[in-house]
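Contents: one structure, followed by commentary.
The values are calculated or read from the model by the stated rules, or taken from the named source; none is laboratory data. The model shown is predicted, which means the values in this text are computed figures rather than measured ones. All Cβ positions, glycine included, derive from the backbone under ideal geometry; neighbour counts span all protein chains shown.
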Amino acid sequence: MKFVKLWGGLGNQMFQYSFGQYLNSVTKEVVVYVNHEGICDLSSSSISGFNCSLKNNISEKHFLHYFNKWYRINRKALQLLPLLSNEILVENLKKSFSENSLHFVLFDGYWQDLKFVEFNRQSLKSIFTPMDAAIIQQSDFFSLVLNCETSVSVHIRRTDFLNSSYHNVLGLDYYQKAILQVSVRVKNPVFFVFSDDIDWVKDHLHFNHLAYFVSEQNYQQSMLTDFCLMSSCKHHIIANSTFSWWAAWLNDNYNKIVVAPKNWYRFNNELAKRILPKEWITL
């Protein structure tokens, strides 16, 4: 039996869930998803609105000892020195999972790598659809996005990155160059803009074609709607965010154009290289 920890935002949890599916396919062992306290109740998790299989009949006594005081205190040490435990693997950003890691029982990390998703693409596409389709259909932009043959999603993420010592806040220069890259490849593009700081975007980012500002003021509540609308666009300009990465990757448009930033972090951009498909345009 394997345990995979679900934590972080929607995009992070989608990678963690996919990693669990990968583990199951490789080891043939049952994979149980748990939260940061080692609890199986994931009804409030970010991905609970998708068709994910999160329920299980496993008693928590089977794994709560992995979340004991020693683990909580030594999590950072486990990240730096994986050999401290032969049961718990805390991902090190410089070195991700390898086939030599299959003996571990509890997996705590982001697990952002194309190899954990490419093997299962069609299944993941079905899994990461909303259980309640009406939520999306109620959006004012639903028919606009679905009926537009030149739709381009643009994702700008700012608020939680502004004070981050780890993530970059992408500048206007990136978005202007990305808009240009799309505009020379797509005739009469229509931009659908998604952001956690939509007022800032309206004031600072200028488009050379028709643009709709989709995100609502209550961004957290509209997150699932935004994600599905974003994924339904034909082309994508993504942020350094797994949220828009997933929206672009799940899009089945064979001729899609995806523009992505090549530097996602203030340091150590090796991780980004593992999740950016070769056919995407990087700036």
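For this structure, a couple of remarks:
- Taken as a whole, the condition of being in the same structural domain as ASN251 (by TED's automatic domain parsing), closer than 14 Å to PHE141 by Cβ and modelled with pLDDT under 90 does not apply to SER232.
- Qualifying residue in the stretch 207-229 (condition: under 23 Å from ASP173 (Cα atoms) and either part of a helix (DSSP H, G or I) or in the same structural domain as ASP113 (by TED's automatic domain parsing) (or both)): no
- Residue, modelled with the highest pLDDT, within the stretch 136-160, restricted to residues that are buried (at least 17 other Cβ atoms within 10 Å of the Cβ) and part of a loop (DSSP other than H, G, I, E, B): CYS148
- Single residue of the stretch 262-283 satisfying the filter (assigned to a loop (DSSP other than H, G, I, E, B) and within 15 Å of the chain's Cα centre (by Cα)) that is surrounded by the most Cβ atoms within 10 Å (Cβ to Cβ): TRP264
- Flag not set for ASN255, criterion: part of a loop (DSSP other than H, G, I, E, B), in contact with a helix residue (DSSP H, G or I) (Cβ under 7 Å, 6 or more places away or on another chain) and not assigned by TED's automatic domain parsing to the domain that holds GLN16.
- Among residues of the stretch 254-283 that are touching a residue at least 12 places away in the same chain (Cβ under 8 Å), none has a beta-carbon under 6 Å from a residue that is among the acidic types (Asp, Glu) and not in a loop (DSSP other than H, G, I, E, B) at least six positions away or on a different chain.
- Criterion (at pLDDT 95 or above, out of contact with any strand residue (DSSP E or B) (no Cβ under 6 Å at 6 or more places or on another chain) and either not in a loop (DSSP other than H, G, I, E, B) or not acidic (Asp, Glu) (or both)) met by exactly one of SER25, SER18: SER18
- Here is the figure for the stretch 85-144: residues that are of a type in the set (Lys, Arg) and within 26 Å of PHE267 (Cβ to Cβ) total 3.
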